[in-house]
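Contents: one structure, followed by commentary.
The values are calculated or read from the model by the stated rules, or taken from the named source; none is laboratory data. As the structure is a computational prediction, the values presented were derived from the model and not from experiment. No Cβ is skipped: glycine too gets one built from the backbone with ideal geometry, and neighbour counts run over all protein chains shown.
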Amino acid sequence: MKPHVRWPLVRVAVAELSMSPVLEPGDWIVVLRAKTARPGQLVIARHPAQPEMLLVKRLIRRVPEGGWYLLSANPAVAAVDSRRFGPVAALEGRVLFRYRRAPIITKQA
């Protein structure tokens with residue numbers, strides 16, 4: 001049996017408006033798997049109540065009890081962040097950069 005390879009870089013699609021205008025639906029982000037980050041950085045974490053769901057948020061601070069306090073950039077869209085569910089226990093990684101896919105250009109007849 002082959003050993004499981006866990007790549008250090010992961011590509012993630014942005015699907016919601018919670019980080020708008022920083023990140024928009026349709027953007028892609030490249031994430032470095034990491035367990036730590038600095039305040040102000042964009043990070044990926046798992047939703048505490050739905051671990052299959054990845055969240056991209058801005059890291060605000062490490063809380064004394066353990067965990068990380070994360071906020072959305074756009075609270076007007078009823079974003080889910082630490083204001084709603086409290087600190088997250090662990091980070092999955094930090095965002096290195098964002099890119100957008102180029103539009104497909106087709107020749108018109």
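Quick notes on this structure:
- Residue that is surrounded by the fewest Cβ atoms within 10 Å (Cβ to Cβ) [pool: residues in segment 1-25 that are under 11 Å from the mean Cα position of the chain (by Cα) and assigned to a loop (DSSP other than H, G, I, E, B)]: ALA15
- In segment 46-65, the residues that are under 13 Å from LEU91 (Cβ atoms) reach residues that are among the acidic types (Asp, Glu) with C-beta atoms within less than 8 angstrom, at least six apart or across chains, in these pairs: ARG46/GLU52; ARG46/GLU92; LEU54/GLU92; LEU55/ASP81; LYS57/ASP81.
- Qualifying residue in segment 66-84 (condition: among the basic types (Lys, Arg), closer than 17 Å to GLU16 by Cβ and exposed (fewer than 15 other Cβ atoms within 10 Å of the Cβ)): yes
- Looking across segment 40-60 at every residue that is touching a helix residue (DSSP H, G or I) at 6+ places or on another chain (Cβ under 9 Å) and farther than 17 Å from ASP27 by Cβ, the one that is modelled with the highest pLDDT is identified as ILE60.
- Screening VAL77 on (1) touching a Leu at 6+ places or on another chain (Cβ under 7 Å); (2) within 21 Å of THR36 (Cα to Cα) shows it passes everything except condition (2).
- Among strands (runs of 3 or more DSSP E) entirely within segment 26-109, having at least 1 residues that are closer than 19 Å to LEU9 by Cβ singles out 27-33, 42-46, 54-62, 93-100.
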